[in-house]
1. Using θ = phi - 60° and the Karplus relation 6.51 cos²θ - 1.76 cosθ + 1.60, list the HN-Hα couplings for the stretch 288-301 in order, rounded to whole Hz, with x at every Gly or Pro.
2. Would you mind telling me the share, in percent, of accessible area of the chain contributed by carbon and sulfur at probe 1.4 angstrom?
3. For LEU104, what residues show an amide H to amide H distance below 5 Å, using hydrogens built from the backbone and excluding near sequence neighbours?
4. Report, to the nearest 10°, how far helix 252-267 tilts away from the longest principal axis of the Cα atoms in the chain, using its own Cα long axis and a range of 0 to 90°.
5. Which of the peptides 225-237, 320-332, 86-98 is most tightly packed, and how do the rest follow, judged by the mean count of other Cβ atoms within 10 Å per residue?
6. Can you list the residues, at least 5 places off or on another chain, whose amide H is less than 5 Å from the amide H of SER208, using H built in the peptide plane?
7. Run through the DSSP bridge list for the chain and note the antiparallel percent, rounded to the nearest 5.
8. Once phi is turned into ³J(HN,Hα) by the Karplus curve 6.51 cos²θ - 1.76 cosθ + 1.60 with θ = phi - 60°, what whole-Hz value does each residue of the stretch 234-239 show in order, with x for glycine and proline?
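The values are calculated or read from the model by the stated rules, or taken from the named source; none is laboratory data. If you're wondering where the values come from, they're calculated on a predicted model, not measured in any experiment. In this analysis, Cβ positions are derived from the backbone assuming ideal geometry, glycine residues included, and neighbour counts consider all displayed protein chains. Only protein heavy atoms, including side chains, enter the accessible area calculation; ligands, DNA and RNA are left aside. Shrake-Rupley method; radii C 1.70, N 1.55, O 1.52, S 1.80 Å.
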Amino acid sequence: MLVDLRSDTVTRPSPAMRQAMASAEVGDDVFGDDPTVNRLQERCAELLGKEAAIFVPSGSMANQTSIRAQTQPGDEVIAHADSHIYHYEAGAPAGLSGCSLRLLAGERGLFTADQVRTAVRPPDSHYPRSALVVVENTHNRGGGTCWSLEAIEAIRGVADEFGLKMHLDGARLMNACIAKGHDSRQYTRFFDTVSMCFSKGLGAPVGSIVASTRQTIQRVHRFRKMFGGGMRQAGILAAAALYALEHNVQRLAEDHANARHLAEAIARMPGVSVDLAAVETNIVYFDVQPGVGTGKSLCDALRPRGVWMIPVAPQRIRAVTHLDVTREGVELAIAALRQTLER
Ligand SMILES: *Cc1c(COP(=O)(O)O)cnc(C)c1O
């Protein structure tokens with residue numbers, strides 16, 4: 001058995017999901033004619049409590065079209081220093097929107113309304129114009145952290161005071177909803193735009209959604225075309241996303257339980273350490289003590305045993321649970337890790 005814990009993007013479509021894809025009704029989505037894409041967009045607008053939604057090829061495109069639609073070149077975007085839009089989207093805020101980033105510090109990917117208030121630029125022609133705040137929930141580099149509704153509400157208050165827009169990078173929004181027991185709209189109501197991925201824990205092969213007002217979605221639609229993300233018979237992909245929303249949301253609780261089980265086992269092992277309080281959803285970061293080796297050497301030693309994880313820093317490893325990792329797989333990973341460390 002191969003236990004691939006590198007990321008929740010490695011999931012493969014199940015036979016039932018493939019069946020749904022194979023039988024999807026399709027049309028040309030650039031003309032707005034794909035009935036399955038239209039059904040997905042309506043379903044997501046409702047799920048996320050917005051007027052409209054648009055299907056896009058990736059989470060990066062969802063974030064970047066949202067940024068482009070709500071900023072002007074020279075504007076500044078306020079985000080966490082560990083955010084995905086900053087580290088993992090190829091410099092797109094600068095490259096595609098001409099925006100600089102104002103980066104905030106904070107434990108586990110979180111920041112406060114006071115930090116945003118301090119970061120907002122005064123209206124003076126020397127400064128960039130503060131335009132947008134981006135919140136990532138769950139927070140990937142933060143360790144799958146969930147935001148509290150109170151913290152977001154306070155940030156919304158500051159955003160309103162200074163006329164800033166707010167974007168939610170909700171690549172793993174459903175993980176946060178399941179972990180916290182919140183309805184998605186309890187989170188999304190604070191945001192002007194919301195993105196969410198189908199190709200992470202939800203298990204679809206491709207695709208993300210942006211939800212917002214009808215007017216903003218029209219702008220996102222234009223930038224999707226400009227960025228090369230217009231798709232034709234995309235109903236085949238939208239069918240997978242619809243299937244994922246139907247079948248793969250509630251089961252995220254299993255991934256969270258598996259991540260916790262893994263983290264608790266790691267906490268009892270020699271040579272490694274994990275902050276158990278930081279494991280809220282499906283992502284486990286743990287540290288390798290230098291005496292044992294490096295993150296990379298430990299991952300290399302696990303690989304021939306059929307357990308894949310990734311080193312994310314010299315002494316740090318990431319393991320992510322998802323729908324292709326069973327409890328049995330987690331037990332195998334635990335045994336392999338323990339045996340490797342005891343040697
Ligand atoms: C995965 C991810 C994205 C989108 O990544 P793509 O590879 O472009 O789909 C965006 N934000 C976060 C927090 C992510 O983890």
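1. 9, 6, x, x, 7, x, 10, x, 5, 5, 5, 4, 4, 6
2. 50 percent
3. ALA79, HIS80, ALA81
4. 40 degrees
5. Result, highest mean Cβ count within 10 Å first: 320-332, 225-237, 86-98.
6. VAL56, SER58, PHE198
7. 50 percent
8. Whole-Hz 3J(HN,Hα) from phi for the stretch 234-239: 6, x, 4, 7, 4, 4.
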